[in-house]
Ligand SMILES: [Zn+2]
């Protein structure tokens with residue numbers, strides 16, 4: 001029996017593996033309202049390396065949380081952004097694999113393979129009509145060839161990773177996602193169409209595809225870009241996927257995966273509307289916001305909690321270049337907007353929370369402060385038990401913030417709200 005990812009799913013990250021139950025509580029709330037969203041606990045290889053955790057810990061956390069809350073609906077554990085070199089440590093315990101081939105875009109495939117791909121898809125040249133898209137797509141043999149030159153090798157790499165995992169786990173025992181989001185240039189709907197053609201030819205039973213969308217998807221802050229252009233592209237992508245499923249025989253539940261970098265509030269209503277209009281599915285991946293809610297909970301708890309929150313910031317400021325460098329393409333921190341460490345050392349818990357919590361209506365909200373802390377989880381990891389003991393000591397206030405964040409700011413606007 002093939003493992004099937006349900007129509008709606010949401011990826012949740014938990015850097016320190018203490019918030020599984022608090023995260024799941026948000027999904028329980030949605031379910032009580034009749035909205036089924038499958039939780040997918042995701043953690044990348046890079047994250048494991050930074051916090052010195054191992055993939056089986058994510059499985060243990062997910063199993064424990066679902067057991068504790070009596071969750072009987074599907075849930076998954078995602079080996080997030082893995083490649084052929086990093087996948088092995090995930091194979092036993094993950095059942096969702098994000099095959100990240102962004103680094104292989106524009107690498108040359110064999111000339112014979114490119115020729116064969118162009119010939120096999122020549123019938124789509126001319127003005128191609130995709131149901132749901134008003135204008136015909138302008139597809140020419142030259143266009144197909146240039147798409148093959150840019151993406152065929154990357155899709156072949158996804159095939160290599162897929163087969164590597166399938167050989168160990170067995171076909172159908174895991175959900176494959178193909179991701180190309182961590183790159184500079186967005187993929188157009190036409191490119192997506194032929195990427196899916198290549199994925200089908202490579203015989204990857206892909207259930208979610210994560211393209212790079214137009215606009216900036218910075219970590220933990222709102223979308224920056226033209227919302228109407230995003231809306232057009234997103235709608236077109238949904239139509240392309242429905243077309244590709246029929247045309248290329250891809251799995252019927254294939255859906256878009258939005259690697260949002262979390263908190264893309266201004267495009268959430270657009271996504272909700274489009275998904276409903278097209279009867280489509282959606283995977284929404286978030287990652288670092290739970291860790292920020294831990295800081296918010298600690299800061300509002302006061303005492304040692306607030307001391308830790310201030311200390312994390314002071315150290316993050318002192319290690320600015322080291323912490324931000326790996327994320328340079330996905331954060332926009334304005335250093336002139338960062339408060340000094342001595343200012344923050346004098347802040348109350350409320351001041352800290354107001355600056356950090358993603359509430360655009362609060363004038364004290366500071367996106368630069370938030371983004372720096374978003375990438376500063378390494379600092380907390382290095383505090384070791386000082387940090388994790390505080391998570392335990394202040395569990396209830398932290399958990400409340402974690403649950404509310406996932407429910408109120410993500411699940412509700414994307415999956416629950418009525419128009
Ligand atoms: Zn991603």
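The values are calculated or read from the model by the stated rules, or taken from the named source; none is laboratory data. All values reported here derive from a predicted model rather than from experimental measurement. Every residue, glycine among them, receives a Cβ derived from its backbone with ideal geometry; neighbour counts consider all protein chains shown.
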**Asked** So is residue 365 outside any helix (DSSP H, G or I) and buried (at least 16 other Cβ atoms within 10 Å of the Cβ) or not?
**Response** yes
**Fill in**
The condition from (1) buried (at least 18 other Cβ atoms within 10 Å of the Cβ); (2) farther than 23 Å from residue 223 by Cβ; (3) in contact with a helix residue (DSSP H, G or I) (Cβ under 7 Å, 6 or more places away or on another chain) that residue 311 misses is numbered (3)
**Request:** Mind listing whichever residues of the range 248-265 are more than 16 Å from the ligand (Cβ to nearest atom), under 20 Å from the mean Cα position of the chain (by Cα) and modelled with pLDDT of 95 or more?
**Result:** 253, 254
**Residues that are loosely packed, with under 14 Cβ neighbours inside 10 Å and within 16 Å of the ligand (Cβ to nearest atom), drawn from the range 159-184** = 184
**Request:** Taking residue 286 as meeting all but one of (1) more than 16 Å from the ligand (Cβ to nearest atom); (2) at pLDDT below 95, write down the number of the exception.
**Result:** (1)
**Asked** Which one of these is in the same structural domain as residue 242 (by TED's automatic domain parsing) and either within 30 Å of residue 76 (Cα to Cα) or surrounded by fewer than 17 Cβ atoms within 10 Å (Cβ to Cβ) (or both): 144, 105?
**Response** 105
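Out of the residues in the range 375-391 that are in a helix (DSSP H, G or I), in contact (Cβ under 8 Å) with a residue 60 or more places away in the chain and over 16 Å from residue 19 (Cβ atoms), which is farthest from the chain's Cα centre (by Cα)?
386
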